[in-house]
Amino acid sequence: MKTFNPDFVWGAASSAYQVEGATTTDGRGPSIWDAFSSIPGKTYHNQNADIACDHYNRWQEDVAIMKEMGLKAYRFSISWSRIFPTGRGEVNEKGVAFYNNLIDELIKNDITPWVTLFHWDFPLALQMEMDGLLNPAIADEFANYAKLCFARFGDRVTHWITLNEPWCSAMLGHGMGSKAPGRVSKDEPYIAAHNLLRAHGKMVDIYRREFQPTQKGMIGIANNCDWREPKTDSELDKKAAERALEFFVSWFADPIYLGDYPASMRERLGERLPTFSDEDIALIKNSSDFFGLNHYTTMLAEQTHEGEVVEDTIRGNGGISEDQMVTLSKDPSWEQTDMEWSIVPWGCKKLLLWLSERYNYPDIYITENGCALPDEDDVNIAINDSRRVDFYRGYIDACHQAIEAGVKLKGYFAWTLMDNYEWEEGYTKRFGLNHVDFTTGKRTPKQSAIWYSTLIKDGGF
Ligand code: PNW
């Protein structure tokens, strides 16, 4: 049997917009996702998350499901516009009450809440007033919102994640426009990312100065990164793969761990990449108590050939290709999920080792990993998800190997607790350990939920 440390954190993750529904209930203000999903053509069949999993009303039932599964931790996010309907100003106490109830119920059931402050559902009012992430002053609005959350929830919440996947907000929200706010630009991703890092720095600074000394919690960020394997043994391709990783995760992690953007980005982007003031970097450097990693897949990377035109695609998830001079591809022998993401567990191990070496062996938590599978609208098909069990076994085995090789991996969160609103894909991509019937709201455990609970109970597999 492959065993894990008894205090290894086994959890499942979700996010507010994807599960809560009740988008106009109890004073919640609109977010950019409400606006984006209301534009015909932006999401699959114009689907929105007005109801989603109706978790806002079914939270007790959902915590009972987590308890039944034996989860040690639950990662969820707070909807900023439930707390501040216009992003700032007066607090909406009903929104605060919802999260207070959820947090209390989790703790009562011995499930540790891991709270993400921002999982993409930015308040629409601030988007309209201030241009959202493009405005440097937005960092202070993040800090103001975070401060309220620390003050109201921090007596019980001791695990905080400032931002979920700033790469996605920057590249998919401001580059390709496939996610809210749907901006399409070659330059804005770098500006949005810069302001997100500055916002992260300010949120952590407030926590560390005003709350951490008494609340004794930890705070970090969750970055997403997939593995990039050199397509050939050539030096050019090895460098291309390295560069691709730098443009993906080091973009965010280098400022935090090393104090500036990667040299490869500065070299290729010049002044298109903003620079940090001394004040900014003083807050950003060393601003994470742990390394949160969302990991989904692996792609092959090669140096883009002279004259070759590489199309930026959402599924290719490579960023702005010409900026990197990297061409991504897949090995046709790799099995794929319903997202067309290849299943390559050894890529996860390689990435964990690469991050550990580059950032001097920080504590790492995998804050998301999982897969969508086809045909799962039908609950009878969904509950026999042996392919998802194989996926988890493969990736968790890779984690185990990484730990044996010296990686300080301390926890793992499956994405996701239950099928939910998969952003622009609507309800068509099902990642859940539990099936959700979106007509009735009924939850049904899949085989993977049962397998995962057994793993947690046994401390290994
Ligand atoms: C993450 N990419 O999204 C998010 O944190 C979740 O909200 C989401 O449901 C989950 O993964 C599955 O998609 C990602 O293109 C979206 O590399 C896109 C990418 C990665 C993660």
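The values are calculated or read from the model by the stated rules, or taken from the named source; none is laboratory data. Computed from a predicted model, the values in this text were never measured in an experiment. Heads up, the Cβs are rebuilt from the backbone with ideal geometry, glycines too, and the neighbour counts pull from every protein chain shown.
Starting from residues that are of a type in the set (A, V, I, L, M, F, W, C) and in contact with a strand residue (DSSP E or B) (Cβ under 6 Å, 6 or more places away or on another chain), keep the ones in the range 332-372 and report whichever is nearest to Glu242 (Cα to Cα). Don't jump to the end; show me each part of the working.
Taking the range 332-372 as the starting set, the residues that turn out to be of a type in the set (A, V, I, L, M, F, W, C) are 334, 339, 341, 343-344, 346, 348, 351-355, 364, 366, 371-372.
Filter once more, so that each one left must be in contact with a strand residue (DSSP E or B) (Cβ under 6 Å, 6 or more places away or on another chain): 334, 344, 351, 364, 366.
Values: Trp334: 21, Val344: 18, Leu351: 11, Ile364: 20, Ile366: 21 Å.
Checked the range 332-372; the qualifying residue nearest to Glu242 (Cα to Cα) is Leu351.
State which residue is farthest from the ligand (Cβ to nearest atom) when the search covers only the range 146-166 and only residues that are part of a helix (DSSP H, G or I) and surrounded by 24 or more Cβ atoms within 10 Å (Cβ to Cβ). Talk me through it step by step, then tell me what you get.
Residues of the range 146-166 that are part of a helix (DSSP H, G or I), as a first pass: 146-153, 166.
Next, from what is left, pick out any that are surrounded by 24 or more Cβ atoms within 10 Å (Cβ to Cβ): 146, 166.
Details: Ala146: 19, Pro166: 11 Å.
Filtering the range 146-166 for residues that are part of a helix (DSSP H, G or I) and surrounded by 24 or more Cβ atoms within 10 Å (Cβ to Cβ), the one farthest from the ligand (Cβ to nearest atom) comes out as Ala146.
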Checklist line | Flag for Phe461 being in contact (Cβ under 8 Å) with a residue 40 or more places away in the chain and closer than 26 Å to Met339 by Cα | finding: no
Next item on the list: Could you give me the residue pairs with C-beta distances under 6 Å whose first residue belongs to the range 170-183 and is closer than 16 Å to Phe247 by Cα, whose second residue is assigned to a loop (DSSP other than H, G, I, E, B) and within 11 Å of the ligand (Cβ to nearest atom) wherever it lies, and which are 6+ apart or on separate chains?
Entry: Met171/Gly319; Leu172/Ser178; Leu172/Lys179; Met176/Ile314
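Determine if the range 216-225 includes at least one residue that is more than 18 Å from the chain's Cα centre (by Cα) and in contact (Cβ under 8 Å) with a residue 24 or more places away in the chain.
Filtering the range 216-225 for residues more than 18 Å from the chain's Cα centre (by Cα) gives 216-217.
Remaining after also requiring in contact (Cβ under 8 Å) with a residue 24 or more places away in the chain: 216-217.
Scanning the range 216-225 turns up at least one residue that is more than 18 Å from the chain's Cα centre (by Cα) and in contact (Cβ under 8 Å) with a residue 24 or more places away in the chain.
Report whether or not Tyr427 is within 15 Å of the ligand (Cβ to nearest atom), of a type outside the set (Asp, Glu) and surrounded by 17 or more Cβ atoms within 10 Å (Cβ to Cβ). Please lay out each step first, then the result.
Details: within 15 Å of the ligand (Cβ to nearest atom): yes; of a type outside the set (Asp, Glu): yes; surrounded by 17 or more Cβ atoms within 10 Å (Cβ to Cβ): yes.
The answer is yes for Tyr427.
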Next item on the list: Filter the range 430-441 for residues that are within 11 Å of the ligand (Cβ to nearest atom) and more than 18 Å from Ala64 (Cβ to Cβ) and give the result.
Entry: Arg430, Phe431
Note to self: Yes or no: the range 2-20 includes at least one residue that is within 23 Å of the chain's Cα centre (by Cα) and on the phi > 0 side of the Ramachandran plot.
What the structure shows: no
Check: Given the conditions (1) of a type in the set (A, V, I, L, M); (2) within 15 Å of the ligand (Cβ to nearest atom); (3) surrounded by fewer than 14 Cβ atoms within 10 Å (Cβ to Cβ), which single one is not true for Met1?
Finding: (2)
Margin query: I'd like to know if the range 114-122 contains one or more residues that are under 25 Å from Tyr44 (Cβ atoms), β-branched (Val, Ile, Thr), within 14 Å of the ligand (Cβ to nearest atom) and surrounded by 24 or more Cβ atoms within 10 Å (Cβ to Cβ).
Written below: yes
Next item on the list: Could you check Ile381 against (1) away from the ligand (no atom under 16 Å from the Cβ); (2) part of a loop (DSSP other than H, G, I, E, B); (3) not charged (D, E, K, R) and say which number it fails?
Entry: (2)
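For Leu373, are the conditions met, namely being touching a Lys or Arg at 6+ places or on another chain (Cβ under 8 Å) and at pLDDT 95 or above? It would help to see each step written out before you state the result.
Working: touching a Lys or Arg at 6+ places or on another chain (Cβ under 8 Å): yes; at pLDDT 95 or above: yes.
Answer is yes for this residue.
Scanning for something at pLDDT 95 or above, of a type in the set (Val, Ile, Thr), farther than 25 Å from Tyr395 by Cβ and in contact with a strand residue (DSSP E or B) (Cβ under 9 Å, 6 or more places away or on another chain), does the range 188-195 turn up at least one residue?
Restricting attention to the range 188-195, the residues satisfying the condition of being at pLDDT 95 or above are 188-195.
Subsequent filtering for residues that are of a type in the set (Val, Ile, Thr) retains 191.
From what is left, the residues that are farther than 25 Å from Tyr395 by Cβ are 191.
Then keep just the ones that are in contact with a strand residue (DSSP E or B) (Cβ under 9 Å, 6 or more places away or on another chain); that gives none.
No; the residues of the range 188-195 include none that is at pLDDT 95 or above, of a type in the set (Val, Ile, Thr), farther than 25 Å from Tyr395 by Cβ and in contact with a strand residue (DSSP E or B) (Cβ under 9 Å, 6 or more places away or on another chain).
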Margin query: If a residue must be in contact with a Phe, Trp or Tyr (Cβ under 9 Å, 6 or more places away or on another chain) and more than 16 Å from the ligand (Cβ to nearest atom), how many such residues does the range 4-27 contain?
Written below: 8
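Do any strands (runs of 3 or more DSSP E) entirely within the range 227-344 hold 2 or more residues that are more than 14 Å from the ligand (Cβ to nearest atom), and if so, which? Reasoning before the result, please.
On the way: elements: 227-230, 291-294, 298-303, 326-329.
Ranges flagged: 227-230, 298-303, 326-329.
Among the residues of the range 412-419, is any at negative phi and surrounded by fewer than 22 Cβ atoms within 10 Å (Cβ to Cβ)?
The first filter runs over the range 412-419 and keeps only residues at negative phi, leaving 412-419.
In the following step, the residues that additionally are surrounded by fewer than 22 Cβ atoms within 10 Å (Cβ to Cβ) were identified as none.
The answer is no, given that none of the residues of the range 412-419 is at negative phi and surrounded by fewer than 22 Cβ atoms within 10 Å (Cβ to Cβ).
So that you can scan it fast, the table gives a plain yes or no per residue for (1) within 16 Å of the ligand (Cβ to nearest atom); (2) surrounded by 19 or more Cβ atoms within 10 Å (Cβ to Cβ):
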| residue | (1), (2) |
| --- | --- |
| Leu352 | no, yes |
| Thr367 | yes, yes |
| Ala372 | yes, yes |
| Ser386 | no, no |
| Arg393 | no, no |
| Asp397 | no, no |
| Gln401 | no, no |
| Lys410 | no, no |
